[in-house]
Each structure stands twice: as structure tokens, then as C-alpha cells.
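For reference, the structure discussed in these notes is given below.
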There are 2 protein chains.
Amino acid sequence: MGTISKALTLLDTLSLMDRDAGLTEVAVACGLDKATTRRFLVELEKHGFVEQLPDNRKYRLGSAPVRLGRIREARYPFLKTAIPFVRQLMEDCGETVHLSEYSGGRLSTVYVEDSTKAHRVFIAIGTLLPFHATASGLAFIAACPDKDVDAAATGPMPAFTNYTTCDEASFRKAIEQTRTDGYSINRQGMEAGVFSTSAAISDPKARPIGCITVAAPLVRTDAARIRQHGLAAAAAARRISEAFFGVDRKEQAALQRGRETG
Amino acid sequence: MGTISKALTLLDTLSLMDRDAGLTEVAVACGLDKATTRRFLVELEKHGFVEQLPDNRKYRLGSAPVRLGRIREARYPFLKTAIPFVRQLMEDCGETVHLSEYSGGRLSTVYVEDSTKAHRVFIAIGTLLPFHATASGLAFIAACPDKDVDAAATGPMPAFTNYTTCDEASFRKAIEQTRTDGYSINRQGMEAGVFSTSAAISDPKARPIGCITVAAPLVRTDAARIRQHGLAAAAAARRISEAFFGVDRKEQAALQRGRETG
DNA sequence: AGCACTGGTTCATTATTTAAACCATGCTTA
DNA sequence: TAAGCATGGTTTAAATAATGAACCAGTGCT
């Protein structure tokens, strides 16, 4: 593995830790040598991707990503575009809705709109969504070309609960179902007591870029309601796609013009 | 320079380009070999920091930073805390107000609240703010220990306009003035026709972490008004600091408790 | 067809990264 | 108070990965 990959993996691991971490702690979490870890941390810190607290010398995620993230959002406002629809879907369903984006080979949660109900599902931003064990993953993969389905189907499928689908046949069946329905369903595959439905958000060439997912406590769901959530999610996904790629095209054109004349 | 630094510099250059760039374009912009550049881009893409458009093979900033940025903000909500005060300051002054953060050895703009006036100052998110040529940089450095002032004072000071202060003596004088006033002033040092005032936002141990800056067209300013903006900025900075480090401490404590008991 | 550009790849050379052993310091405990 | 131990941080020869000149292949233009 290249050095850059290692460093970015370190950054990733650090970002998934739920508190500031010491040097050795980071080292063991990444399976790297202490000296190496430190060199990485120092270099990452120089660019603001990591910061070391002056008080206790612990490390944490720095603020450079928020700057870059803002730049990206300013040019390619996926979140900005999607958030209103996420909120709307949450209000329509009354359940926690989350938005995920595909990036770096993985699907991860980038925004959550919490249900206002007392009994609700909690999801942390940054959560990774395995393809086989979540509604989001299923919806995403189902929207991909068959070769990606095959890759996912033949990869490892760790079980997170007793309900996780871990064999290829069931997985492929779920994909088929998702493709015919237009939305995916996952029943307690990732977390016990949670029932999710999801729909992929795709670009104009039908390449998926992320998905929008409704996560409800099992006790509040039945087949009819799930179907309702699923259809609502699919509709929201379609609307986000239109809004996003609509404005994007216009903006691209405007930028282009600006560049050519100025 | 280490490989990681080079890669992050590439990422940085890419983020500062105002459109998607081809391989060779990126390579020359970074002063790297084409092969190296490509290796970097591929590795960065694997982690979502860069994405290659399938249509024209051009590269652009990826979405991983927005995920990491969201994680950071969820834990350490600097923007979330500061934005209301930025907005308030904009309304009070009627001028564009921007918020900057120190990270990776540089001060950069992370948020902008545009004035509602037709004739106003425009600032792009991600803009780098040199210490000697901007009100923000001055405010920040003035809030640092003397050794940092010395480092900045003896470094190179490129001129951006005819008004930029480029000599050590004037720079030090400006720092002194800033320290006594509690806010900094910069008159056309970065851009002709722009007059800015800024105040540093510091942590409880008086270490600055960023600043808040009012940028007005020269024609709308006079000494009294500038002073007014400066004092307002200083007050806003203080309030942000209180709000931020107030909630932060509480959250830290809550997290700590959660960790210990669970 | 030929040219001038792209994006992308190869491979011997070269430089960086690695990790074991090391030091220094602060905290806990005997 | 002193010893022990965990922590952050540093050094080194050995191992590994980065480098870049030369290369191929595709595309659009003359």
C-alpha cells in the first residue's frame, strides 16, 4: 500500500474514534508503528488535517477538511440541495432520515435529520454503511452496473446481528427485489430493532452517487408502512437528483461562460 | 518534503483551482511529474478526496472532506456556533463579514456572510489570508505570542497592491496598534478599494484559533465607522469564544461521562 | 496521413519510509 | 521519596516505496 493511502487510512481511523487520542492509541488503532504514526500525524498536522491539543498532546481531526468540504459544497452543493428534501421526508414519515454519499469506495452518512419522536433511531454522521447489511448499501449497489453487484456479492459479508444477510444468494435476491421495487428494505441487518428503507440518488447517466434512507424502530413498522416509506424515499431521491443536476448544469454552464469571456 | 505533504499540497492546489482539471494541468500546477501526479490522484481518489469525472477524465475535489468536515463540526462545532454571530455582525455593520480559521499554518476563510448591499465586497470560501496583508492576518498574529509575531515579521511580505505593508517596521507597528485597540485595520493591503477590520477569536488560554472580519468598500468608510466596525468585531469575537468554549466544555464533560459509564 | 495534444504506463534508479531500540518525562504506587 | 511504568517522542541501518524519462495509445485538428 502506498504511503498516501496509509496516511489517509490513519486520518479515517482517527475520524472514527469518538474522542481525542494519544500517539500510541492512534498507532495501535491503525496497526502502524509508533514512529511512523507520529511522522504521519506531524505531516497531516502541518496541513491542518489533524491537530494536536497543546494541553495533553492528544490528537484529533483538524479543520482542513471543513475548509475543503466547504469549497466542494460551494461548487457542487450536494448537501445544500439535498437537505430540504431530507427534512421533508423526515416530516412526512415521522422517522429519522439520513443521507449518504459514495466516496472512496464506501458509502457513508453525511447528514442526518432526526425524527422528533422520543423513541427514534440514532445515526452518527460519518457512519460507514456496508453494502450487504444496510438498506442504504443495498439501494446503492442495486443502482450500480452488474459488475459492481457481483463484486459486492462475492466479497466478505460479516454479520452484525442474527438477521444480517450473509450469503450470496439472499443478497442477490434482495438486489433483485430492490430493483423491481425502486427502493430497498433492510430488517435489523445492521442493528437489532431497526427497520430501514432506502433509495439511491443517481446522476443523469443513472450512476448512483448516494442514497436517502428512512430508519424506523421495528415496533412502529408494518409492511404497509414500510412500503409507504420506501416509495416516499424513492420520490425524494428522484427530486434531489433533479434539483441537484438541474442547478448543477446551469451553474456549470455559467462558470464556463464566465471563464471564456473573463 | 514527505510524500504525504506533497499529496496534501496537491489536494490543496486542486481545491484552489476554479474548475475541474486534467492530469497534465494538475501536474504542472503542482510542479510534479505526470506519473507521480497520477499516482497521487489515484490514491487520493481511492479515499474519496479526489474524484475523476467518468465523462472527460478530469479531476476535482472529492466528497471525503465534506464527510470529515461534518464529523469535525459535529464534535467541535466551530462554524455552527460562530455563524449566528457572523450574521448578526453583518446585519449590524451592513457589510460583508467573513470568518477565518487557522489550520495547517495558514489562515483561511471558512464562512462568508455577504452584505445585502448592491455594492459590496466579495470573498470566496477557502481564500488564504496572508498575515501581513490582511486585517484578519494581522488580528490573528497580534493575538499570538511574540515568537510568532517575530516569525511573521521576518518572513517574506509580497505586495498585493501599492498599499500593502511590506516592511518589518510598519508591520510591527500595525501589530502594536492592533494589540492596544483589540482589533486590526487593513486599508487596501490585499485588494484595492477594500477596507477591513478584524478581531481574533481565542480559546480560554488566549490562544487564537481564527478571526472574524468586516470587509467594506473604501468609499463607505471613514475613521469613525471603521472604529465602530472594529469594536463590533471584537465584541462578536468575544461572544463566539464564550459560546464555543462554553458548550465545548459541557460536551467534553458529557462525552467523558458517557465513556466512563458505558 | 501526419501532427500535436491528451491520459496513462513502465521500470531501473534513487530517495523515502520503516520499525527496533532508544531517550525523556510525567504519573502512580510502594 | 524513590522505583516502576506508561507515555510521547527520536534515532538508525535495512527495507520499501517514490520517482521520472521514455514510452504507448487514443483523439481531434490540419
(message) Restricting to region B:68-77, count the residues that are within 17 Å of the chain's Cα centre (by Cα), of a type outside the set (Lys, Arg) and facing chain A (nearest Cβ under 7 Å).
(response) 2
(message) Condition check: away from every other protein chain (no Cβ under 11 Å), under 18 Å from B:PHE244 (Cβ atoms) and open to solvent by 10 Å² or more (accessible area, probe 1.4 Å). Does B:ILE123 satisfy that?
(response) no
(message) I need the helices (runs of 4 or more DSSP H) fully contained in region B:1-67, keeping only those with at least 3 residues that are at the interface with chain A (Cβ under 7 Å from one of its Cβ atoms), aliphatic (A, V, I, L, M) and open to solvent by 70 Å² or more (accessible area, probe 1.4 Å).
(response) none
(message) Among the residues that make up region B:47-64, is at least one of them of a type in the set (D, E, K, R), within 20 Å of A:PRO65 (Cβ to Cβ) and in the same structural domain as B:ASP12 (by TED's automatic domain parsing)?
(response) yes
(request) Given the conditions (1) within 16 Å of the chain's Cα centre (by Cα); (2) at pLDDT below 95, report the number of the one that B:PHE140 does not fulfil. (result) (2)
(message) For the structure I just gave you, tell me whether B:SER108 is crowded, with 18+ Cβ neighbours inside 10 Å, free of Cβ contacts under 8 Å to residues at least 12 places away in the same chain and within 14 Å of another protein chain (Cβ to nearest Cβ).
(response) no
(message) With the requirement that a residue be open to solvent by 10 Å² or more (accessible area, probe 1.4 Å) and in contact with a helix residue (DSSP H, G or I) (Cβ under 9 Å, 6 or more places away or on another chain), what does region B:201-229 give you?
(response) B:SER202, B:ASP203, B:PRO204, B:PRO208, B:ILE209, B:THR221, B:ARG225, B:ARG227, B:GLN228
(message) All but one of (1) within 13 Å of DNA strand D (Cβ to nearest atom); (2) in contact (Cβ under 8 Å) with a residue 12 or more places away in the chain hold for B:SER15; state the number of the condition that does not hold.
(response) (1)
(message) Here is a list: B:THR36, B:THR9, B:THR24. Which entry is near DNA strand D (Cβ under 9 Å from one of its atoms) and not assigned by TED's automatic domain parsing to the domain that holds B:LEU128?
(response) B:THR36
(request) Count, please, the residues in region A:78-97 that happen to be of a type outside the set (A, V, I, L, M, F, W, C) and open to solvent by less than 10 Å² (accessible area, probe 1.4 Å). (result) 2
(request) Name the one entry in A:LEU89, A:LEU16 that is closer than 19 Å to B:ARG72 by Cα and away from DNA strand C (no atom under 11 Å from the Cβ). (result) A:LEU16
(message) Can you confirm whether A:ILE83 is touching a residue at least 60 places away in the same chain (Cβ under 8 Å) and more than 8 Å from chain B (Cβ to nearest Cβ)?
(response) no
(request) Select from region A:154-177 the residues that are touching a helix residue (DSSP H, G or I) at 6+ places or on another chain (Cβ under 6 Å) and β-branched (Val, Ile, Thr) and write down the one among them that is surrounded by the fewest Cβ atoms within 10 Å (Cβ to Cβ). (result) A:THR165
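Here is a yes/no grid of residues against (1) at pLDDT 95 or above; (2) open to solvent by 70 Å² or more (accessible area, probe 1.4 Å):
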| residue | (1), (2) |
| --- | --- |
| B:GLU191 | no, yes |
| B:ALA199 | yes, no |
| B:PHE245 | no, no |
| B:LEU255 | no, yes |
(message) Just to be sure I understand the filter: pairs with C-beta atoms under 6 Å, separated by 6 or more residues or on different chains, first member in region A:204-226 and within 30 Å of B:PRO54 (Cα to Cα), second member open to solvent by 30 Å² or more (accessible area, probe 1.4 Å) and hydrophobic (A, V, I, L, M, F, W, C). Which pairs pass?
(response) A:PRO208/A:ALA143
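The values are calculated or read from the model by the stated rules, or taken from the named source; none is laboratory data. Note that the structure is a prediction, hence the values are computed from the model and not measured. Counting neighbours? That spans all protein chains shown, and the Cβs are built from the backbone with ideal geometry, glycine included. Ligands, DNA and RNA are stripped out before the accessible areas are found, and what is left, the full protein with its side chains, is counted by its heavy atoms. Shrake-Rupley method; radii C 1.70, N 1.55, O 1.52, S 1.80 Å.
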